[in-house]
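Asks: Following this message is one structure expressed as structure tokens.
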């Protein structure tokens, strides 16, 4: 994936306060809000806790789909595999990017877990323009 596409995807994820990610535990979709997203060493990461049910669901089936409103009638949809990446450098990058996370997370808390997104497909959807797709 080229750097421009990566930046566009990250920008879409960071456009609002949060976005929703869908997992599929037991063949029943589960939707939940996510917030922090960062780029680190050429990859996009989400943040979660390994104590949450979403973490167990991702371990069972790492393919997720994310949807984010970009305003008016503009949308962003991303399909990716979310792979746990418990690297202290990535956790520190999250804390540096969003100091408010320090209220709930630390590098050595044993539960804060970055998720590396292996992008499968991304789509920028608007009513008045053709859909822009990104497939690495």
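Readers should treat all values here as calculations from the given coordinates under stated rules, not as data from a laboratory. Computed from a predicted model, the values in this text were never measured in an experiment. For neighbour counting, all protein chains shown are included, and Cβ atoms are generated from backbone atoms with ideal geometry for every residue, glycine included.
Asks: Mind checking which residues of segment 86-131 are assigned to a helix (DSSP H, G or I), in contact with a helix residue (DSSP H, G or I) (Cβ under 8 Å, 6 or more places away or on another chain) and in contact (Cβ under 8 Å) with a residue 60 or more places away in the chain?
Replies: Hit for segment 86-131 is 101, nothing else.
Asks: Then there is this: When segment 5-41 is examined, which residues are found to be in a strand (DSSP E or B) and closer than 19 Å to residue 87 by Cα?
Replies: Matches in segment 5-41: 37, 38, 39, 40.
Asks: Can you name the residue in segment 47-61 that is free of Cβ contacts under 8 Å to residues at least 40 places away in the same chain and not in a helix (DSSP H, G or I) and is also nearest to residue 96 (Cα to Cα) among such residues?
Replies: 52
Asks: Checking residue 78 against (1) in contact (Cβ under 8 Å) with a residue 12 or more places away in the chain; (2) closer than 22 Å to residue 48 by Cβ; (3) over 12 Å from the mean Cα position of the chain (by Cα): exactly one of these is not met. Which one?
Replies: Residue 78 satisfies all of (1) in contact (Cβ under 8 Å) with a residue 12 or more places away in the chain; (2) closer than 22 Å to residue 48 by Cβ; (3) over 12 Å from the mean Cα position of the chain (by Cα) except (3).
Asks: Could you tell me whether residue 69 is in a helix (DSSP H, G or I) and under 19 Å from residue 131 (Cα atoms)?
Replies: Against the criterion (in a helix (DSSP H, G or I) and under 19 Å from residue 131 (Cα atoms)), residue 69 does not qualify.
Asks: If you don't mind, there's one more thing I want to ask. Here is a list: 44, 64. Which entry is in a strand (DSSP E or B), surrounded by 18 or more Cβ atoms within 10 Å (Cβ to Cβ) and touching a residue at least 60 places away in the same chain (Cβ under 8 Å)?
Replies: Of 44, 64, the one residue that is in a strand (DSSP E or B), surrounded by 18 or more Cβ atoms within 10 Å (Cβ to Cβ) and touching a residue at least 60 places away in the same chain (Cβ under 8 Å) is 44.
Asks: Name the residues in segment 19-39 that are touching a residue at least 12 places away in the same chain (Cβ under 8 Å) and out of contact with any strand residue (DSSP E or B) (no Cβ under 8 Å at 6 or more places or on another chain), would you?
Replies: 25
Asks: Okay, moving on. Before we move on, is residue 76 surrounded by 17 or more Cβ atoms within 10 Å (Cβ to Cβ) and part of a strand (DSSP E or B)?
Replies: yes
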